[in-house]
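Take a look at the structure set out below.
The values are calculated or read from the model by the stated rules, or taken from the named source; none is laboratory data. What you are looking at is a predicted structure, and each value in this text was computed from that prediction instead of being measured. Every residue, glycine among them, receives a Cβ derived from its backbone with ideal geometry; neighbour counts consider all protein chains shown.
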Ligand code: 5GP
Ligand code: MN
């Protein structure tokens with residue numbers, strides 16, 4: 001945990017005219033929620049603000065207030081580079097390693113602009129001048145709430161900001177059921193609800209958006225692709241590019257899939273392997289003490305949190321799974 005003096009943040013914000021907000025590759029609810037909440041806050045503070053993503057994000061997040069002005073590095077590279085070079089500060093949200101930005105990471109690495117980290121992932125890198133970092137926070141959105149409150153601006157949190165913050169807290173806690181949830185989580189939620197947001201509407205906007213194909217892909221993965229190693233408490237699924245195409249895969253369609261085997265009694269470690277653009281993208285989840293951040297870092301060039309992490313592999317899907325099986329037998 002490192003929370004630098006709020007006086008330093010106040011100084012940085014008051015001396016910056018233009019601020020960019022950058023979040024991680026394949027942005028999720030917490031990445032977009034935290035970025036857009038901070039966007040609305042800094043706009044109220046009179047700043048010129050840009051939200052930048054390294055690549056696109058799922059349709060079910062595109063209702064978030066402020067979505068229309070998000071810049072995508074993959075499709076607007078030149079514009080993004082100009083915006084970053086003209087920024088007085090760059091807030092990096094929901095990640096702490098340039099690796100998580102893919103190609104955009106190279107741009108940030110060489111940029112002389114002052115950087116801030118607001119994040120809750122393990123082992124932050126040291127590229128920032130200011131940190132608002134806490135691995136015990138349930139989400140980066142929780143930290144955005146704390147940040148605005150620490151700035152003395154809790155009263156500025158309006159319905160738009162609240163919707164963004166609520167979304168990230170909801171998605172990063174599996175709808176308020178992970179061990180990261182505590183009394184503080186619910187106190188923040190209570191404060192957000194007072195702005196007039198309607199939780200059932202946000203839940204529906206995010207979760208009740210499956211296409212028929214996505215539902216069929218879920219059924220297929222659970223029926224045909226789930227492997228359960230009952231004696232080890234491990235379950236995993238894998239999907240080839242061909243299988244994904246068969247179900248007209250859209251970004252976000254496998255979101256949450258990795259968690260399903262936890263509903264089987266005794267399962268404490270789940271993995272999902274997916275073929276994507278020539279590499280294997282892996283999601284790891286655990287219940288209890290098994291540290292998947294360590295596991296992903298040690299074996300699959302990844303990282304994340306103790307109970308939720310990701311990584312990648314450049315060998316074939318089959319070889320990746322064989323590696324995985326070998327590693328779990330020694331972990
Ligand atoms: P997901 O499995 O949903 O992609 O990611 C789970 C968690 O692990 C997220 O908090 C995400 O930021 C982190 N994560 C996913 N992939 C990677 C990766 O390749 N490297 C690192 N350091 N973290 C990752
Ligand atoms: Mn997060």
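Residues that are part of a loop (DSSP other than H, G, I, E, B) and within 16 Å of ligand 1 (Cβ to nearest atom) were ranked within the stretch 145-176; the one that is farthest from residue 306 (Cα to Cα) is 175. Do we find a residue being surrounded by fewer than 18 Cβ atoms within 10 Å (Cβ to Cβ) and either at positive phi or in the same structural domain as residue 178 (by TED's automatic domain parsing) (or both) anywhere in the stretch 266-274? Checked the stretch 266-274: at least one residue is surrounded by fewer than 18 Cβ atoms within 10 Å (Cβ to Cβ) and either at positive phi or in the same structural domain as residue 178 (by TED's automatic domain parsing) (or both).
Of everything in the stretch 247-272, what is touching a helix residue (DSSP H, G or I) at 6+ places or on another chain (Cβ under 6 Å) and in a strand (DSSP E or B)? Give them in sequence order. Those that are touching a helix residue (DSSP H, G or I) at 6+ places or on another chain (Cβ under 6 Å) and in a strand (DSSP E or B): 270, 272.
One residue stands out among those in the stretch 108-137 that are within 13 Å of ligand 1 (Cβ to nearest atom) and surrounded by 23 or more Cβ atoms within 10 Å (Cβ to Cβ): the one that is nearest to residue 73 (Cα to Cα), which is 119. Of the residues screened, residue 21 is one that is outside any loop (DSSP other than H, G, I, E, B), within 16 Å of ligand 2 (Cβ to nearest atom) and touching a residue at least 40 places away in the same chain (Cβ under 8 Å).
Does the stretch 304-324 include one or more residues that are assigned to a loop (DSSP other than H, G, I, E, B), touching a strand residue (DSSP E or B) at 6+ places or on another chain (Cβ under 6 Å) and surrounded by 15 or more Cβ atoms within 10 Å (Cβ to Cβ)? Yes, because at least one residue in the stretch 304-324 is assigned to a loop (DSSP other than H, G, I, E, B), touching a strand residue (DSSP E or B) at 6+ places or on another chain (Cβ under 6 Å) and surrounded by 15 or more Cβ atoms within 10 Å (Cβ to Cβ).
In a residue-by-residue description of the stretch 280-288, the property of being away from ligand 1 (no atom under 12 Å from the Cβ), touching a residue at least 24 places away in the same chain (Cβ under 8 Å) and either crowded, with 19+ Cβ neighbours inside 10 Å or at negative phi (or both) applies to at least one position.
Screening the stretch 94-115 for residues that are within 16 Å of ligand 2 (Cβ to nearest atom) and outside any helix (DSSP H, G or I) and picking the one that is farthest from the chain's Cα centre (by Cα) gives 97.
Residues in the stretch 4-18: is at least one outside any strand (DSSP E or B), under 19 Å from the mean Cα position of the chain (by Cα) and either within 22 Å of residue 86 (Cα to Cα) or within 14 Å of ligand 1 (Cβ to nearest atom) (or both)? Checked against the condition, which is being outside any strand (DSSP E or B), under 19 Å from the mean Cα position of the chain (by Cα) and either within 22 Å of residue 86 (Cα to Cα) or within 14 Å of ligand 1 (Cβ to nearest atom) (or both), the stretch 4-18 yields no hits at all. Only residues that are under 16 Å from the mean Cα position of the chain (by Cα) and surrounded by fewer than 19 Cβ atoms within 10 Å (Cβ to Cβ) were counted across the stretch 177-206, and they come to 1.
For the structure I just gave you, tell me whether residue 91 is under 17 Å from the mean Cα position of the chain (by Cα) and either in the same structural domain as residue 36 (by TED's automatic domain parsing) or part of a helix (DSSP H, G or I) (or both). Yes, satisfied.
Does residue 173 meet the test of being within 16 Å of ligand 2 (Cβ to nearest atom), in contact with a helix residue (DSSP H, G or I) (Cβ under 8 Å, 6 or more places away or on another chain), within 17 Å of residue 32 (Cα to Cα) and outside the structural domain of residue 287 (by TED's automatic domain parsing)? Yes; evaluated as a whole, the condition is true for this residue. Of the residues making up the stretch 149-165, those that are under 20 Å from the mean Cα position of the chain (by Cα) and surrounded by fewer than 24 Cβ atoms within 10 Å (Cβ to Cβ) number 1. When we screen 33, 66 for residues that are in the same structural domain as residue 164 (by TED's automatic domain parsing) and within 15 Å of ligand 1 (Cβ to nearest atom), the only hit is 33.
Considering only the stretch 265-279, I want to know if a residue exists there that is over 14 Å from residue 327 (Cα atoms) and within 16 Å of ligand 2 (Cβ to nearest atom). Taking every residue of the stretch 265-279 in turn, none turns out to be over 14 Å from residue 327 (Cα atoms) and within 16 Å of ligand 2 (Cβ to nearest atom).
For the stretch 137-173, a residue qualifies if it is touching a strand residue (DSSP E or B) at 6+ places or on another chain (Cβ under 9 Å) and within 21 Å of residue 201 (Cβ to Cβ), and the qualifying residues are 144, 172.
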